[in-house]
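What follows is a single structure, written as structure tokens, with notes after it.
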């Protein structure tokens, strides 16, 4: 989905908000991100653990009451049943570097990378209301947040990481994101979330552009291609691409 369609505003409007570091929400009005990642895909991913003895989910992170478990970095690996228990006990899961999981995610990164530097997609999933999530924090890059499934309550704060510590930040606004909504956050702005039920959200993060792309005619000066194209390996085999 191209940037103007996503943001429902002109490049000039987005440039103005971006220069002012002014966060905003674009209401979707429909579940327009429903094909980005489904509960069935989540089930398939989490069941890939240990298939044929291989580690097929290295990017999994679990947010729990004592902090964060990183499946790739942890010396003591959780087993599949333990991961399953974390899920149903209300811990949130993060699938980082997930743009390779399907064509829709991959192509969305390509669309963003026409304007920004190389980026990635991180999927956030929770099984229930009041799941454990990150405390108040700030991201180092700007954040395009796609809300895919369920409803999530966001707390947006007034301060940035440069201005105070997380526990000193004050709430600017509380908003509920529904399916199809998009939230843009500038770098370093404090925020946190509260789940109102099962949810899937996707954050797209990017390195900043190397030039002010909003000042050029993008149709005449397309952005840099940062990644290899997604190739169609199946085509019309047996007369179907399904």
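The values are calculated or read from the model by the stated rules, or taken from the named source; none is laboratory data. Since the model is a prediction, treat every value here as computed from it, not as a measurement. Please note: Cβ atoms are built from the backbone with ideal geometry, for glycine as well, and neighbour counts cover all protein chains shown.
Here are a few things to note about the model shown:
- Scanning the stretch 28-51 for residues that are crowded, with 17+ Cβ neighbours inside 10 Å and part of a loop (DSSP other than H, G, I, E, B) yields a total of 6.
- Among the residues here, residue 158 does not qualify as within 21 Å of residue 29 (Cα to Cα) and either surrounded by fewer than 15 Cβ atoms within 10 Å (Cβ to Cβ) or touching a residue at least 24 places away in the same chain (Cβ under 8 Å) (or both).
- Count of the stretch 8-27 residues which are over 22 Å from residue 174 (Cβ atoms), part of a helix (DSSP H, G or I) and in contact with a strand residue (DSSP E or B) (Cβ under 9 Å, 6 or more places away or on another chain): 2
- Qualifying positions in the stretch 90-135 - under 14 Å from residue 57 (Cα atoms) and in contact with a strand residue (DSSP E or B) (Cβ under 8 Å, 6 or more places away or on another chain): 93, 94, 95, 96, 97, 98, 99, 101, 122, 123
- Among residues of the stretch 1-27, those that are free of Cβ contacts under 8 Å to residues at least 60 places away in the same chain and either over 19 Å from residue 141 (Cα atoms) or loosely packed, with under 12 Cβ neighbours inside 10 Å (or both), counted: 8
- Count - residues of the stretch 184-208 that are assigned to a strand (DSSP E or B) and modelled with pLDDT of 95 or more: 15
- Residues satisfying the stated conditions in the stretch 96-150, i.e. at positive phi and modelled with pLDDT of 95 or more: 130, 150
- Spans of strands (runs of 3 or more DSSP E) in the stretch 54-163 with at least 2 residues in contact with a helix residue (DSSP H, G or I) (Cβ under 9 Å, 6 or more places away or on another chain) and over 20 Å from residue 193 (Cβ atoms): none
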